């Protein structure tokens, strides 16, 4: 176990101790905060459901597989190994999906390979943009997140390009 | 989003009908099922983190932290809303420490709180872009996965990941400034000595009524201060 595992428990204990020093009713305060969880989810759920239904449909229709095989020549042109094209495409939609793809790549090509290192960078150097947009912009009235989503996708893609480059140099 | 949803849905439905129409409903249902299980997980995560956050907030710890970072965050997000800035600070530090579970609830509250602001569109886009970069001081998941898969040096990806995340962050922030930031001058309005804010509102005219209005409001407030 590395030292990073201690950050979280220490932080939470510190917050509670600090609060009790400040004479906060810790138990009531915690319960008050936790009470906000369900109303928040009530607002989130419809949008999360819509996005995930769409993502599943996208997967089942074979469109994502077709797209990744169509795009792999382009990717290899840009210096992204074509083996990780599915990961690049799944990453914006699903964190758990890309995690399972990452472990698959580790098992298939070995964790020491260039491909595995690129895949690590792709996995870790961006967020699941569509998932985040579903959650963050859920229930915000009349604000279309198209522009922020496009910005997120573009900057993450450039980061992937540079990341594969860094993997070759470093 | 509405157009995107419609187009992707129709195209996928057409494709699935060509291949295997009976797979259509199971796909929809399994998507919804994933949404339900995700929300149950999220409910647990939020209950824990919103609880801890509430304690930190009541203790005044968040306010202190937010005040310390205010010069930076105020400029970046161009908002004066204290409670939104508090949530943003929590969101950013949780992201840096790799605690996505703590970052998301704070981020969502910040998005809501920013709604009351004049620059809501800009501030929200900026917060979203910063979150999308996913900058992390130490990528725990990947490193432990690599170690488990038997990598010779599990840590050799840390530097490339950090660098490329930084690139994503810089790209995202500058794109938001470029594409959404025109005419949004509130964060800086107070610093201008005089005269220059007129130029700002003239430029904002082209962007349409919304931004123009908020520029005028910012100018008006400055006038009072003067």
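I need a count of the residues in the range B:14-51 that are within 7 Å of another protein chain (Cβ to nearest Cβ) and either touching a strand residue (DSSP E or B) at 6+ places or on another chain (Cβ under 6 Å) or closer than 21 Å to residue A:43 by Cβ (or both).
The number of residues fulfilling the criteria is 12.
With the requirement that a residue be facing chain B (nearest Cβ under 9 Å) and either surrounded by fewer than 19 Cβ atoms within 10 Å (Cβ to Cβ) or over 13 Å from residue B:11 (Cα atoms) (or both), what does the range A:57-78 give you?
Result: A:62, A:63, A:66.
What number goes with the only condition from (1) within 27 Å of the chain's Cα centre (by Cα); (2) surrounded by 13 or more Cβ atoms within 10 Å (Cβ to Cβ) that residue B:13 does not pass?
Unmet condition: (1).
Looking at (1) under 16 Å from the mean Cα position of the chain (by Cα); (2) modelled with pLDDT of 80 or more; (3) crowded, with 21+ Cβ neighbours inside 10 Å, find the lone condition where residue A:111 falls short.
With (1) under 16 Å from the mean Cα position of the chain (by Cα); (2) modelled with pLDDT of 80 or more; (3) crowded, with 21+ Cβ neighbours inside 10 Å applied to residue A:111, the lone miss is (1).
Being more than 7 Å from chain A (Cβ to nearest Cβ) and more than 20 Å from residue B:170 (Cα to Cα): is that true of residue B:78 here?
It is false that residue B:78 is more than 7 Å from chain A (Cβ to nearest Cβ) and more than 20 Å from residue B:170 (Cα to Cα).
Would you say residue B:62 is within 14 Å of another protein chain (Cβ to nearest Cβ) and closer than 26 Å to residue A:26 by Cα?
yes
Output yes when any residue across the range B:107-116 is at the interface with another protein chain (Cβ under 7 Å from one of its Cβ atoms), out of contact with any strand residue (DSSP E or B) (no Cβ under 9 Å at 6 or more places or on another chain), part of a helix (DSSP H, G or I) and in contact (Cβ under 8 Å) with a residue 24 or more places away in the chain, and no when none is.
yes
One residue is enough: does the range A:32-42 have a residue meeting the conditions out of contact with any strand residue (DSSP E or B) (no Cβ under 9 Å at 6 or more places or on another chain), assigned to a helix (DSSP H, G or I), within 7 Å of chain B (Cβ to nearest Cβ) and more than 17 Å from residue B:45 (Cβ to Cβ)?
Yes - at least one qualifying residue is present in the range A:32-42.
Take the residues in the range A:161-170 that are within 7 Å of chain B (Cβ to nearest Cβ) and in contact (Cβ under 8 Å) with a residue 24 or more places away in the chain; name whichever of them is surrounded by the most Cβ atoms within 10 Å (Cβ to Cβ).
A:163
Filter the range A:20-35 for residues that are in contact with a helix residue (DSSP H, G or I) (Cβ under 6 Å, 6 or more places away or on another chain) and within 15 Å of residue B:49 (Cα to Cα) and give the result.
A:26, A:29, A:30, A:32, A:33, A:34
Considering only the range B:146-180, how many residues are at pLDDT below 80 and crowded, with 20+ Cβ neighbours inside 10 Å?
1
The values are calculated or read from the model by the stated rules, or taken from the named source; none is laboratory data. Note that this is a predicted model, so its numbers are computed, not measured. All Cβ positions, even for glycine, are placed from backbone atoms using ideal geometry, and neighbour counts span all protein chains on display.
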